[in-house]
Amino acid sequence: MNGKGRLNNKTKYSYMFGDLGCCLMNYMLINYFMFYCTMLGISIAAVGMIMFIARIWDAINDIGVGALVDRTHTKVGKARPWIKWFALPCALSCLMMFSAPAGASNIVKVRWVAFGYFLFALFYTTVNLPYGSMLPLMTKNSVDRASLSSFRMIGAYIGIFIVNATALPMVAFFEQIFYTLCDRNCIFFVLSFN
């Protein structure tokens, strides 16, 4: 905060980078779900069913995590502990979804991807929901809240742009080094863990 009780630009940019990291993981998953069909050989019906059930699971865990965040009272606030506790599990579950055992049967691959996706949905909620709830806790000033919200969306769009602009060129550039999508996601894993 500056001397007038308003948020400074450092705080706003810091808040922006949180959503940038979340979008690096989330949009990598959204954009590359076809990986499961083409590289792992999982049927499109199985991938669709995993996504459908995971959305139901996500709706349920959103309510539960929200209630738990509301009941959290620590020295550093309600939201910050959740982000600290679950940022690494969120990133690891994202990575898990692209690292199914290569020689495994189709059933094992489907279970691996489903389990990873359900874990990611839970851990993403435990990070992103408290992150979003920090906004009204950071300031009571409506101008600063609007500014923070804008900075958050800018971070989100930068994350989306980075994934869309760099993922496929990175694969082409590092084709000899990176043989699997998991290797490419390791880069986004490192970038998203901020």
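The values are calculated or read from the model by the stated rules, or taken from the named source; none is laboratory data. Please read these numbers as outputs of a predicted model, since none were measured by experiment. Here the Cβ is made from the backbone with ideal geometry for all residues, glycine too, and neighbour counts use every protein chain on show. Accessible surface is based on the protein model in full, side chains and every heavy atom, while ligands, DNA and RNA are left aside. Shrake-Rupley method; radii C 1.70, N 1.55, O 1.52, S 1.80 Å.
How many of the residues in segment 31-54 are loosely packed, with under 12 Cβ neighbours inside 10 Å and closer than 23 Å to residue 156 by Cβ?
1
Give me the pairs, please: first residue somewhere in segment 97-109 and of a type outside the set (A, V, I, L, M, F, W, C), second residue anywhere and not in a helix (DSSP H, G or I), beta-carbon distance under 7 Å, and either six or more positions apart or on two chains.
Partner pairs satisfying both residue conditions: 106/41; 106/42; 109/40; 109/42; 109/100.
Which ones in segment 144-161 are open to solvent by 10 Å² or more (accessible area, probe 1.4 Å) and either within 17 Å of residue 10 (Cα to Cα) or not in a helix (DSSP H, G or I) (or both)?
145, 146, 147, 149, 150, 151, 152, 153, 154
For segment 60-88, which residues satisfy the criterion of being loosely packed, with under 15 Cβ neighbours inside 10 Å and under 16 Å from the mean Cα position of the chain (by Cα)?
84, 85, 88
Going residue by residue through segment 113-122, is there one that turns out to be more than 22 Å from residue 44 (Cα to Cα), of a type in the set (A, V, I, L, M, F, W, C) and modelled with pLDDT of 90 or more?
Of segment 113-122, the ones more than 22 Å from residue 44 (Cα to Cα) are 122.
With the extra rule that they be of a type in the set (A, V, I, L, M, F, W, C), the set shrinks to 122.
Filter once more, keeping what is modelled with pLDDT of 90 or more: 122.
The answer is yes, given that some residue of segment 113-122 is more than 22 Å from residue 44 (Cα to Cα), of a type in the set (A, V, I, L, M, F, W, C) and modelled with pLDDT of 90 or more.
Yes or no: residue 177 open to solvent by 40 Å² or more (accessible area, probe 1.4 Å) and at pLDDT 90 or above?
The answer is no for residue 177.
Could you look through segment 89-116, keep only residues that are open to solvent by 60 Å² or more (accessible area, probe 1.4 Å) and of a type in the set (Phe, Trp, Tyr), and pick out the one that is nearest to residue 126 (Cα to Cα)?
Going through the qualifying residues, I end up with 115.
What pairs can you find where one residue is in segment 1-12 and modelled with pLDDT of 90 or more, the other is surrounded by 13 or more Cβ atoms within 10 Å (Cβ to Cβ) and among the aromatic types (Phe, Trp, Tyr), and their Cβ atoms are less than 7 Å apart, with a gap of 6+ or different chains?
Here the result reads 12/151, each pair linking segment 1-12 to a residue that is surrounded by 13 or more Cβ atoms within 10 Å (Cβ to Cβ) and among the aromatic types (Phe, Trp, Tyr).
Considering 59, 46, which residue is without any contact (Cβ under 8 Å) to a residue 60 or more places away in the chain and not charged (D, E, K, R)? First the steps, then the outcome.
On the way: 46 fails: without any contact (Cβ under 8 Å) to a residue 60 or more places away in the chain.
None of the others qualify; the one that does is 59.
Being within 18 Å of residue 50 (Cα to Cα) and not aliphatic (A, V, I, L, M) is the filter; apply it to segment 117-126 and report the residue that is most open to solvent (accessible area, probe 1.4 Å).
Of everything passing the filter in segment 117-126, 118 is most open to solvent (accessible area, probe 1.4 Å).
Determine if segment 121-133 includes at least one residue that is without any contact (Cβ under 8 Å) to a residue 24 or more places away in the chain and farther than 18 Å from residue 78 by Cβ.
So far as segment 121-133 goes, no, none of its residues is without any contact (Cβ under 8 Å) to a residue 24 or more places away in the chain and farther than 18 Å from residue 78 by Cβ.
Which of the residues belonging to segment 31-59 are at pLDDT 90 or above, under 18 Å from the mean Cα position of the chain (by Cα) and under 21 Å from residue 105 (Cβ atoms)?
50
Can you go through 137, 129, 168 and tell me which one is modelled with pLDDT under 90, open to solvent by 40 Å² or more (accessible area, probe 1.4 Å) and either under 18 Å from residue 16 (Cα atoms) or in contact with a strand residue (DSSP E or B) (Cβ under 6 Å, 6 or more places away or on another chain) (or both)?
Of the residues listed, the single one that is modelled with pLDDT under 90, open to solvent by 40 Å² or more (accessible area, probe 1.4 Å) and either under 18 Å from residue 16 (Cα atoms) or in contact with a strand residue (DSSP E or B) (Cβ under 6 Å, 6 or more places away or on another chain) (or both) is 137.
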